């Protein structure tokens, strides 16, 4: 799919960013968030308030309008403590996109089609401009699974995947459903997590193996098995995880 600029960006600069300017070659990731606040206006104010110490490079409003909060070549403060593959503290290597949505704590809702249209246009533009691997378009929950749920199971990753704007599997959802809740052997469970680590998920330091596995499984499910996020591994999850490595 070909994307042209046509983004109608509106400047609404935040003072929350790091100096100096970074080289565009260091930008390897795009991280997608939801705001998790009841009011859109309050979310914008918070991202621009020096005391909050949070920001993002872009903000997508309910009406689909895209605000530029921090120019791309400056590091915005959106990822926090985060890990993916060999990368830590991903602010340095990423562009953050915040999407207006109340989130799980305030009546999580479907994303507006206008928002998703803007997400696609923006991702297409950024991926091309910075030569970002589409597999490095991630959710906040992917890089901080024990802390974050956003953008959550209602974010249309499958739609973006079909447009090669993020990583997605090529398996039939109808066929996969047949394997739901089929138990795995202990060896298969181990292989499932090996797959997750190869995809890019990281072990969470300071947690028991049980808690680590539940957090990672839920993060994986929010991305790739969105209609059932229960933290339990089954054959459906295993088949999806294996397919992501092909």
query: R0 = 41 Å: FRET efficiency of residue 81 with residue 174, Cβ-based, nearest 0.05?
result: 0.60
field: Principal-axis tilt of helix 113-130 within the chain, Cα atoms, nearest 10 degrees
entry: 80 degrees
- request: Under 1.5 on a/c is rounded, so check that first for region 10-162, then, if it is not, pick prolate when a/b is larger than b/c and oblate when it is not; a ≥ b ≥ c are the square roots of the alpha carbon gyration tensor eigenvalues.
  value: rounded
task: Counting helices only, and only those DSSP H runs with n ≥ 4, report the 222 nm mean residue ellipticity of the chain as the sum of -39,500 (n - 2.57) divided by its residues, in deg cm²/dmol to the nearest 500.
output: -9500 deg cm²/dmol
message: Less than 13 Å from a label point 7 Å out along the Cα-to-Cβ axis of residue 188: which backbone N atoms in region 229-246 qualify, by residue?
response: 233-242
query: Fully extended, how many nm does the chain gain between residue 11 and residue 114 (0.36 nm per residue separation, minus their Cα-Cα distance)?
result: 35.2 nm
query: Over the chain, what is the percentage of antiparallel beta bridges among all DSSP beta bridges, to the nearest 5?
result: 35 percent
- request: Evaluate E = 1/(1 + (r/R0)^6) for residue 239 and residue 23, where r is the Cβ-Cβ distance and R0 equals 51 Å; express this FRET efficiency to the nearest 0.05.
  value: 0.80
- prompt: Once both axes come from the Cα atoms, what is the angle between helix 186-199 and the longest principal axis of the chain, in degrees from 0 to 90, rounded to 10?
  reply: 20 degrees
- request: Place the peptides 94-106, 175-187, 51-63 in order of packing, highest mean first, counting for every residue the other Cβ atoms within 10 Å and averaging per peptide.
  value: 94-106, 51-63, 175-187
- prompt: Extension gain residue 129-residue 159, at 0.36 nm per residue separation less the Cα-Cα distance, in nm?
  reply: 8.7 nm
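Coordinate-derived values only; no laboratory data. What you see is a predicted model; the values in this text were computed from it and never measured. For neighbour counting, all protein chains shown are included, and Cβ atoms are generated from backbone atoms with ideal geometry for every residue, glycine included.
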